[in-house]
Amino acid sequence: MKRGEMYRVAHPSARDPKKYRVFLVVSRQTLIDSGFSSVICAPVYTAYKGLATQVPIGVNEGLKHDSSIHCDELTSLPKSMLTNFIGTLPSAKIAMLNQAMRVALDIHDFID
């Protein structure tokens, strides 16, 4: 499992009306490779409103529809739920993801 990989998850939560939801792994690789049983993920929705915290993705990334990664809705999922691999984001989309995460978490780059 690597940062930037997408997985289709069955019944991700009781609140989610979908049978399946795609999630993107956003945890740092050190955590993913550790003994921790869960990782931080961002959900993928077909809705895209052009927010700075959303990253547009679609067929080129292995999905059936145009969709977007929603960095304002991070969640922790057990690694055991991430078994149905879909694909990996290309580096250009990872760069967009990193920027969307900075905005979602209100992280500013500081120069000492």
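The values are calculated or read from the model by the stated rules, or taken from the named source; none is laboratory data. Keep in mind that this is a model prediction, so the values were computed, not measured. For neighbour counting, all protein chains shown are included, and Cβ atoms are generated from backbone atoms with ideal geometry for every residue, glycine included.
Descriptive notes on the structure:
- Residues of the range 11-41 that are touching a residue at least 24 places away in the same chain (Cβ under 8 Å) and of a type in the set (A, V, I, L, M): Val22, Leu24, Val25, Val26, Ile32, Val39, Ile40.
For (1) under 14 Å from the mean Cα position of the chain (by Cα); (2) of a type in the set (Val, Ile, Thr), each residue gets a yes or a no:
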position: Ile32; (1), (2): yes, yes
position: Phe36; (1), (2): no, no
position: Cys41; (1), (2): yes, no
position: Val44; (1), (2): yes, yes
position: Lys49; (1), (2): no, no
position: Val55; (1), (2): yes, yes
position: Val59; (1), (2): no, yes
position: Leu63; (1), (2): yes, no
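- Taken together, the residues in the range 74-106 that are surrounded by fewer than 11 Cβ atoms within 10 Å (Cβ to Cβ) and in a loop (DSSP other than H, G, I, E, B) amount to 1.
- Qualifying positions in the range 58-73 - touching a Pro at 6+ places or on another chain (Cβ under 9 Å), under 18 Å from Arg15 (Cα atoms) and either among the acidic types (Asp, Glu) or surrounded by fewer than 16 Cβ atoms within 10 Å (Cβ to Cβ) (or both): Glu73
- With respect to the conditions (1) modelled with pLDDT of 95 or more; (2) on the phi > 0 side of the Ramachandran plot, Gly62 falls short on a single one, namely (1).
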